[in-house]
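The values are calculated or read from the model by the stated rules, or taken from the named source; none is laboratory data. A quick note: this is a predicted structure, and the numbers were derived from the prediction, not measured. All Cβ positions, even for glycine, are placed from backbone atoms using ideal geometry, and neighbour counts span all protein chains on display. Just the protein is used for accessible areas: all its heavy atoms, side chains included, with ligands, DNA and RNA removed. Shrake-Rupley method; radii C 1.70, N 1.55, O 1.52, S 1.80 Å.
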Amino acid sequence: GCILDGKLYPFGEIARTENCFRCSCSRDVMRCCSLFHTPTGYDKENCKVVFNQKSCDYDVVQKSDPSKECFVYSRV
């Protein structure tokens, strides 16, 4: 298998690692890509970005009330 962040994964396709990556593990190499997209277009003055481990994505919430989401108009 392959080791990523100290954890052993089996050969083949890995749908989701503990750190929110999708990977392909072979005898020669392990290739991974992120399952999340970083917000770039949002109200940076009134909102902040927090990583949601459960959904494997970033939430953009109001600084004054983190229970309220902010509108995101672009991600990369």
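Would you confirm, using the coordinates I've provided, whether residue 64 is assigned to a strand (DSSP E or B), polar (S, T, N, Q) and touching a residue at least 12 places away in the same chain (Cβ under 8 Å)? Criteria not met by residue 64.
Here residue 32 clears all of (1) open to solvent by 70 Å² or more (accessible area, probe 1.4 Å); (2) at pLDDT 95 or above except the condition numbered (1).
Under the condition of being under 21 Å from residue 55 (Cα atoms) and assigned to a loop (DSSP other than H, G, I, E, B), the residues counted in the stretch 15-26 number 6. Restricting attention to the stretch 58-74, the residues that are open to solvent by 60 Å² or more (accessible area, probe 1.4 Å) and of a type in the set (Val, Ile, Thr) total 0.
The set of residues in the stretch 1-13 that are at pLDDT below 95 and open to solvent by less than 50 Å² (accessible area, probe 1.4 Å) comprises 2, 4, 9.
The set of residues in the stretch 19-29 that are without any contact (Cβ under 8 Å) to a residue 24 or more places away in the chain, touching a strand residue (DSSP E or B) at 6+ places or on another chain (Cβ under 7 Å) and open to solvent by less than 60 Å² (accessible area, probe 1.4 Å) comprises 23, 24. Looking only at residues in the stretch 35-57 that are outside any loop (DSSP other than H, G, I, E, B), touching a Lys or Arg at 6+ places or on another chain (Cβ under 8 Å) and open to solvent by less than 60 Å² (accessible area, probe 1.4 Å), the one that is nearest to residue 3 (Cα to Cα) is 39.
Conditions tested, residue by residue: (1) of a type in the set (Lys, Arg); (2) assigned to a loop (DSSP other than H, G, I, E, B); (3) closer than 12 Å to residue 2 by Cα.
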site	(1), (2), (3)
13	no, no, yes
28	no, yes, yes
32	no, no, yes
59	no, no, no
